[in-house]
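Data first, discussion second: the structure below is written as structure tokens.
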Amino acid sequence: MKGTPEAPQCGFSRAVVQILEINGVNEFKGINCLENEELRQGIKEYTSWPTIPQVYINGEFVGGCDILIEMHKSGELEQMLIKEGIVEPEKTE
């Protein structure tokens, strides 16, 4: 990401942080690619994905901000987070 989860340095990174928080993800690691140009270019080549932030869930590349937004809107992100054991399903009483 650009910046850190506590202080994102672009709107896309901020949006990803907010989406994760909305979905109940309380802990996640953000790596500031602005501190290392080699990392910034290398991550784009590694995934063949041109934009940052890039989101990985349990080591698997999911996508960028636009993909995360669509997954959030459709409910797919919540289901993935539950399936991967990152969040608990909401309990209805």
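The values are calculated or read from the model by the stated rules, or taken from the named source; none is laboratory data. In this text the structure is predicted, and so the values were computed from the model without any measurement. Methodologically, a virtual Cβ is constructed for each residue, glycine included, from the backbone with ideal geometry; neighbour enumeration extends over all protein chains shown. Note: accessible area is taken over every heavy atom of the protein model, side chains too, but ligands, DNA and RNA are not part of it. Shrake-Rupley method; radii C 1.70, N 1.55, O 1.52, S 1.80 Å.
In the range 72-86, which residues have a backbone nitrogen under 13 Å from the label point lying 7 Å from Ile22's Cα in the Cα-to-Cβ direction?
72-78
Please list Arg14, Arg40 in order of solvent-accessible area, largest first, computed with a 1.4 Å probe with all protein chains present. Intermediate values should be presented prior to the final figure.
Working: Arg14 115, Arg40 60 Å².
Descending order: Arg14, Arg40.
Please report the relative contact order for the chain, taking Cα pairs under 8 Å with a sequence separation of at least 6, and give it as a percent rounded to a whole number.
26 percent
Compute, for the chain, the length of the dipole vector about the Cα centre, with Cβ point charges of +1 (Lys, Arg) and -1 (Asp, Glu) only. Units Debye, rounded to 20.
Magnitude of the dipole: close to 220 debye.
Just to confirm my numbers, what's the Cα centroid distance between the range 20-34 and the range 57-83 in Å?
12 Å
Just the number, please: carbon plus sulfur as a percent of the accessible area of the chain, 1.4 Å probe, no ligands or DNA/RNA counted. Display every interim value, and only then the final one.
Values: 3100 of 6430 Å².
C and S atoms contribute 48 percent here.
What accessible surface, in Å², does a 1.4 Å probe find on Ile82, ignoring ligands, DNA and RNA and rounding to the nearest 10?
Accessible surface of Ile82 is approximately 50 Å².
Under a no-solvent Debye model with one identical scatterer per Cα of the chain, what's log10 I(q)/I(0) at q = 0.14, 0.22 Å⁻¹?
-0.50, -1.15
Between Gln79 and Glu35, what is 0.36 nm times their sequence separation minus the Cα-Cα distance? Round to one decimal in nm.
12.5 nm
Subtracting the Cα-Cα distance from 0.36 nm times the residue separation, let me have the gained length for Glu45 to Thr4 in nm, one decimal.
Contour length minus Cα-Cα distance gives 12.6 nm.
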